[in-house]
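First comes the structure, then the notes that go with it.
The values are calculated or read from the model by the stated rules, or taken from the named source; none is laboratory data. None of the values given here were measured: they were computed from a predicted structure. Methodologically, a virtual Cβ is constructed for each residue, glycine included, from the backbone with ideal geometry; neighbour enumeration extends over all protein chains shown.
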């Protein structure tokens, strides 16, 4: 495996305290993902119920009611997605930009894909009556929109997943390659399950409102039946979530799995258990469906908060060492830049004074042991010029790894740290100066 890339960070201060920005990111992300869940889950339910509506008309009516709400959800999902995306770019600039670049084509195609999806959803919503006798076409429009809706979160998830594993950046060759990284598909199915659960429970609330005139919309469906139907979807998918969730956990690379991360995730899972039990009790109840919904919503809200905090803590722990290395690389780059600016400025001064860079480097590195025409610790430049006449590369090679030739002098230390470019300038100065003073 190739070495982990360590890019330089942008040397600008954060606009606010990092902890505040991280907390803001969690809150903004939760609000955004809730409406994304409702958009995706709503579209899946509409597709499923409309297909079932081919046999029983009330399912078609149920699909239409849900589709009406989905339009609002997708608008809010887009608007609320701006804040978490900006915060990710502020807190993890080089990581998210690198992930975007590595999946460039898929990332760029998100814009036309989202626009096309929204147009298809609007077309599906407003052609319900017009295509009432051509249900295959109407369902096909929604199926295409759902296919795009399922692809769009996968691109986002692949990028957010990729940004956490810089050690794998050199292995990625585009979006499809990014999908092979650990944890992508388990997290994706976890997201889909959460979308169906949340949408179903919101539907239970919606059809429990007195303002929702169930009797005026449906021929055979009662309020209790619709709510039990939606509860059943939430219950079955919740059971699947208890399988998908552990798979997500075990496929996470261990580098970010600290005790605090595990505690947050396990706490969220434990809070979900009573909510699933209460959903089952709601399904088994008589006509009094919905009385446990506030408790179910409370438990699942706490679950979502715990999972969101756990995800943020994992991201921070997984990238902590890489961010420290980036900071060191950035500090070194800034120091080198300042030195280069200083060297350039001094070069102008030296040129005006007739002093070469090689002379300055020689003075700083070599003049303590070498004089022009007399022996100090090492031989003078006049003697060196005769030994290496017209061969500055010989001096560079010797300076990088010197040996011991003279028993009456100490061994010269290695000067490889100076670098070949500067050693070459020193060598050229030594040959030029030694040649001049050594000439008869």
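Structure values in brief
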quantity	calculated
Odd one out for residue 340 among (1) crowded, with 16+ Cβ neighbours inside 10 Å; (2) free of Cβ contacts under 8 Å to residues at least 60 places away in the same chain; (3) in a helix (DSSP H, G or I)	(1)
Residue that is modelled with the lowest pLDDT [pool: residues in region 284-303 that are surrounded by fewer than 16 Cβ atoms within 10 Å (Cβ to Cβ) and in contact with a helix residue (DSSP H, G or I) (Cβ under 7 Å, 6 or more places away or on another chain)]	287
Breaking point among (1) in contact (Cβ under 8 Å) with a residue 60 or more places away in the chain; (2) touching a helix residue (DSSP H, G or I) at 6+ places or on another chain (Cβ under 6 Å); (3) part of a helix (DSSP H, G or I), for residue 193	(1)
Search result, residues across region 206-225 that are part of a helix (DSSP H, G or I) and either over 25 Å from residue 150 (Cα atoms) or modelled with pLDDT under 90 (or both)	214, 215, 216, 217, 223, 224, 225
Residue satisfying condition, being surrounded by fewer than 20 Cβ atoms within 10 Å (Cβ to Cβ), part of a loop (DSSP other than H, G, I, E, B) and over 19 Å from the mean Cα position of the chain (by Cα), within set 5, 13	13
